[in-house]
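Peer 1: For reference, the structure I am asking about is given below.
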Amino acid sequence: MATDEQEGSVASAGGSGAARGAREGDAFLESLMDTNLYSMGAYFSDKHPGLVDEVIERSDAIEEAGLRGYAKEHDMTLEECFQTLLTGLAVRYYKAVAG
């Protein structure tokens, strides 16, 4: 069984579990911010703040209908449809990570 002195030195050496977990969580969130998807979502959100909700709604609709179905229904090319889907996903990713 550990003495109070031993427990104190263990806690000071590695920090509390909660503090260590918070540091690891911060590092993990920072790693999520270092991605192309995050950068794309941040850029779109900064440049077009009035379109954020619309692009998310459209990407949801594309997900529901599928690329081909949505493109045909809205007279879009598959590439335009895919770009809209990807932008919406990137914006949602950015919003989730940035909080």
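The values are calculated or read from the model by the stated rules, or taken from the named source; none is laboratory data. Quick caveat: nothing in here was measured; it's all calculated off a predicted structure. Ideal geometry is used to build each Cβ from the backbone, glycine not excepted, and the neighbour counts take in all protein chains shown.
Peer 1: Give me a count of the residues in the range 53-94 that are surrounded by fewer than 16 Cβ atoms within 10 Å (Cβ to Cβ) and among the polar types (S, T, N, Q).
Peer 2: 2
Peer 1: Given (1) touching a residue at least 12 places away in the same chain (Cβ under 8 Å); (2) in contact with an Asp or Glu (Cβ under 7 Å, 6 or more places away or on another chain), where does Val97 come up short, assuming only one miss?
Peer 2: Val97 satisfies every listed condition except (2).
Peer 1: Does the range 27-38 contain any residue that is charged (D, E, K, R) and modelled with pLDDT under 90? Before the answer, list the steps.
Peer 2: Kept after step one, since they are charged (D, E, K, R), are these residues of the range 27-38: 30, 34.
Checking the rest, the ones that are also modelled with pLDDT under 90 come to 30, 34.
Yes: one or more hits.
Peer 1: Go through the range 34-64 residue by residue and tally those that are hydroxyl-bearing (Ser, Thr, Tyr), touching a Phe, Trp or Tyr at 6+ places or on another chain (Cβ under 8 Å) and closer than 22 Å to Leu78 by Cα.
Peer 2: 0
Peer 1: Can you say whether Tyr70 is part of a helix (DSSP H, G or I) and within 23 Å of Ala27 (Cα to Cα), as far as the supplied structure shows? Let's see the steps before the verdict.
Peer 2: On the way: part of a helix (DSSP H, G or I): yes; within 23 Å of Ala27 (Cα to Cα): no.
Answer is no for this residue.
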